[in-house]
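Report on one structure; see the data block that follows.
The values are calculated or read from the model by the stated rules, or taken from the named source; none is laboratory data. Keep in mind it's a predicted model, so treat the numbers as computed, not measured. With ideal geometry, Cβ positions are generated from the backbone for all residues, glycine too; neighbour counts draw on all protein chains shown.
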Amino acid sequence: MGLYNKSFCKLNIDLNEIKRINENMVTNAFIYRYKDIIIKKYWYCTEYAISDDVFDKLCTIDNHYFIKLYELFTIISDDEYEKMYTRYQKGKSFFNKDGYIAKYYQPDSINPVMEQSSYLIKSIEGLKELVDILSNSRIMMTDTKVGNTIIKNNGIIIIDPDYYRLSSQDISIIKNNNYHELLQLLKTIFMHYAKLEKEIISKLFAELDNNDSLEAICHIEKELRKVKRPLDLFNKQII
Ligand SMILES: Nc1ncnc2c1ncn2[C@@H]1O[C@H](COP(=O)(O)OP(=O)(O)O)[C@@H](O)[C@H]1O
Ligand SMILES: [Mg+2]
């Protein structure tokens, strides 16, 4: 039994050494850690799996604020392998996508709304650049929320692009969608990390969330520059 990439090369992973890291989560996949990579193996039904064309595009993205994706894989037994490889050589193989491997990010235990504001400002700046890169590649982001990030000392990293899709719409429309996703991410970060009434946060974000999400994000950034910690935005009620 082994993990094979799309060219039917066996990945150098010792299955005895993998360790599941998302045991107590509601999830649509098993996530295992192996050395400095994660192995995301979907449940048997791959309806919710990342699409191949999106994966290929995302693989080329090397950005500090976005999960580094490596390869899609299929799991096959040693017996099956000969048959599958012969078919592959004849151009007749069907690649049954079981999951992907990507870089592992060790989370740091910091609270982004209690840190110095410069932490969140720097992440927002980086994430805005990421949005531009993804949008220019025609990628529509979706499901962007705090649960799909890893909070590191040196920034907020977006993971789990399973539902991203390619779009043929105008880049400006894609950008709008993606900035809206980024705004939602900021909202969920406050929801998760600020010990405040959820309604207060929802209300303030609803007020900010007009048609122009980029403008709203820039406004948050401007206000963040005036306070010591992001949480102070709410204490002072300036946004
Ligand atoms: N690259 C990674 N590095 C570290 N932890 C990860 C990584 N990818 C996923 N995880 C952990 O596994 C959880 C579930 O991963 P995710 O890709 O969001 O799966 P699902 O599709 O089930 O939501 C994450 O919330 C995170 O805790
Ligand atoms: Mg997720």
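Okay, here's what the table says:
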item: Every residue from the range 125-149 that is among the aliphatic types (A, V, I, L, M), outside any loop (DSSP other than H, G, I, E, B) and either over 11 Å from the mean Cα position of the chain (by Cα) or closer than 20 Å to L166 by Cβ (or both); result: L127, L130, V131, I133, L134, I139, M140
item: Hits in the range 116-157 (condition: among the β-branched types (V, I, T), in contact with a strand residue (DSSP E or B) (Cβ under 7 Å, 6 or more places away or on another chain) and farther than 11 Å from L182 by Cα); result: I139, T149, I150, I156, I157
item: Enumerated helices (runs of 4 or more DSSP H) restricted to the range 175-238, each holding at least 1 residues that are under 25 Å from the mean Cα position of the chain (by Cα); result: 198-208, 213-224
item: Among residues of the range 150-167, those that are touching a residue at least 60 places away in the same chain (Cβ under 8 Å) and over 12 Å from the mean Cα position of the chain (by Cα), counted; result: 4
item: Lone unmet requirement of (1) closer than 23 Å to I110 by Cα; (2) touching a strand residue (DSSP E or B) at 6+ places or on another chain (Cβ under 8 Å); (3) among the hydrophobic types (A, V, I, L, M, F, W, C); (4) surrounded by fewer than 19 Cβ atoms within 10 Å (Cβ to Cβ) for I200; result: (2)
item: The range 56-82: number of residues that are without any contact (Cβ under 8 Å) to a residue 60 or more places away in the chain and of a type in the set (A, V, I, L, M, F, W, C); result: 1
item: Scope the range 1-27; condition part of a loop (DSSP other than H, G, I, E, B) and among the acidic types (D, E); matching residues; result: D14, E23
item: Residue match in the range 112-126 (condition: closer than 30 Å to S7 by Cβ and either of a type outside the set (D, E, K, R) or away from ligand 1 (no atom under 16 Å from the Cβ) (or both)); result: no
item: Any hit, the range 169-180, residues being within 16 Å of ligand 2 (Cβ to nearest atom), crowded, with 17+ Cβ neighbours inside 10 Å, of a type in the set (D, E, K, R) and under 24 Å from K68 (Cβ atoms); result: no
item: Top-ranked residue of the range 21-35 - restricted to ones that are more than 10 Å from ligand 2 (Cβ to nearest atom) and at pLDDT below 90, ranked as surrounded by the fewest Cβ atoms within 10 Å (Cβ to Cβ); result: N24
item: Residue tally, condition near ligand 1 (Cβ under 10 Å from one of its atoms) and closer than 19 Å to Y163 by Cβ, over the range 24-48; result: 12
